[in-house]
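Following: one structure in structure tokens, then a few remarks.
Every read-out reported here was derived from the displayed coordinates using simple, explicitly stated rules and does not represent laboratory data. This one's a predicted model, so the numbers in the text were calculated from it and none came from an experiment. Please note: Cβ atoms are built from the backbone with ideal geometry, for glycine as well, and neighbour counts cover all protein chains shown.
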Amino acid sequence: MAADFILDTVAVCFAVFFMTAPLSQAIDVCGTPAKVRYVNPINLLCFSLNCITQLAYGLFLPVPPVVPCNAYGVFVGIFSTSACWCFARKEPHAKHWDRTAAFATAFTGLLAALIFAYAAFGGAADVGVLGMMVGIIMYGAPLSSMKEVLRTKSSETLPVMQSFLGFLNSSCWFTVGVRTGKVPVWGPNIIGMMLSLLQLALIFKFPAKPAGDLEDEDFIPLLAEHSLADVARDTSREWKEAIVEHSHSISLFMKKSSQDLVGLFSHSPRVDNEYISLDGDGPLTENKKKVHPPLPWQIGKNFSVFALETGITVSDRPTWWSEDGRYFIYYAQDYQHWKVNGLRSAGGDGISSVRPGRRRAGCGFARSSPVKASAPPMDFAALFEAGGWFEVDDDEWVSVKPSLLSKTASSFRFVAETAQTQESAKVDETSTTEQAVGRRVFCGLRCKEALLLFLPPKPGIEEEDSIVMDLEQSAEIGDMDGLLKKTGEPDVISLKPRKASKL
């Protein structure tokens, strides 16, 4: 049948593409030898053993259609493994290519020779059965580094092309096996589909992270194939946001239509606009809705000003602060968005709670468009995309298009050689007073007419001497980021000039 011929042709094509997958890593390593640290030798060895087993089965049973594709796979496997070993011997960072990998390579070569000899002397049918098991092992080989992936939350050692093409290849051959009713064809491939899908899920969940920082001398760029994963990850987020935006528009249309129908047949007046009540505005009624805290573009009557503060970071990226110091914009690493939140005194979660690993990490009440994982820390393009902003409304993300203007602000540091702090407390009839004197470095922002001053915490707020010493050092050198990571929320003073009297 024509359908079977087309399906078989597509399956053979995907098999050839799958056999080419390790070649992309080898070529990348030849261009940048240090990248060999990202290549897992177990993947290449299992791939080569599978192709050799299938080639022996096809040559000596014989099954001619199996031979060309697997002969090409044997060449790719041997070339890729040899190229990686050639560069790994000279690279100090090739941690996976150690003595254990050398022993595994020698053992795989010996096992391949025995399988080939056994098939040549009449055991081709048994080799075919062995080939099914080796194929399953090949599909699961990348998961040998799963423990490392979960520990580092980085998929740098997972082969993107091999996992993706392996999923397509096993899917096609699973379909061929189902249509022909051959269990040896569809059985191993359904397992291969699931294993490849698991690898793709890990790659999608944990973006690859390069070894070292960009400024370091020992920085090693990622394999080129990981850029494809970044593109797929960004595209899926854009689709998700588009679906959410359109679905919300449809729900608003349905809600509006239902209200119109109810109003048409109802004698009571219909309320079109909900009343927004903030704290202290009185009790809530049926037509009142409490929103807390206000969104940044609702703070002022016209617009809100946010200024960049490089001295206070979250996820190794600088933060932006409103001119009153109550709200901030930070980078949510797990979601790859800029998000708006507030200090706890302003009804927000607080900057200490949204840091990676904390209980409110990634939370906020407005967010920007996605930020590429490979974007440098000072890339703020997503903040100025008016069409990419969303805000929370009834626990749902709703698209919003704020008016964005770019202005110039100033940051400053000044030194107080002697700063004296005093804290008084009274419990029942007992009162205590604590004083501290020391050198302090203050930092702040100047935007428009407002002056935002971040106050360093007073000395000795922790009981342990080592922590007190760390705080003293951080305060003396003006390390606001180090102070906040130890003490939590910043103390902020917002100063504005007094208006001249009309008298």
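A few comments on the model shown:
- Here the contact order of segment 21-79, divided by its residue count and restricted to Cα pairs under 8 Å and six or more residues apart, works out to 37 percent.
- Beyond 27 Å in Cα-Cα separation lie the following of the pairs 95/209; 153/372; 240/407; 209/240; 372/496; 153/339: 240/407; 372/496.
- Each Lys or Arg adds one and each Asp or Glu takes one away; over the other residues whose Cβ falls under 11 Å from the Cβ of residue 33, this sums to +2.
- Among 413, 355, sorting on how many other beta-carbon atoms sit within 10 Å of each Cβ, with the fewest leading, yields 413, 355.
- Across segment 296-400, Cα pairs under 8 Å and at least six residues apart give a relative contact order of 17 percent.
- Gain on full stretching of the segment that runs from residue 180 to residue 422 - 0.36 nm per residue minus C-alpha separation: 78.7 nm
- Positive-pole candidate from 65, 132, 107, dipole of segment 1-150, charges at beta carbon: 107
- Whole-angstrom gap from segment 94-147 to segment 24-65, using each part's C-alpha centre: 10
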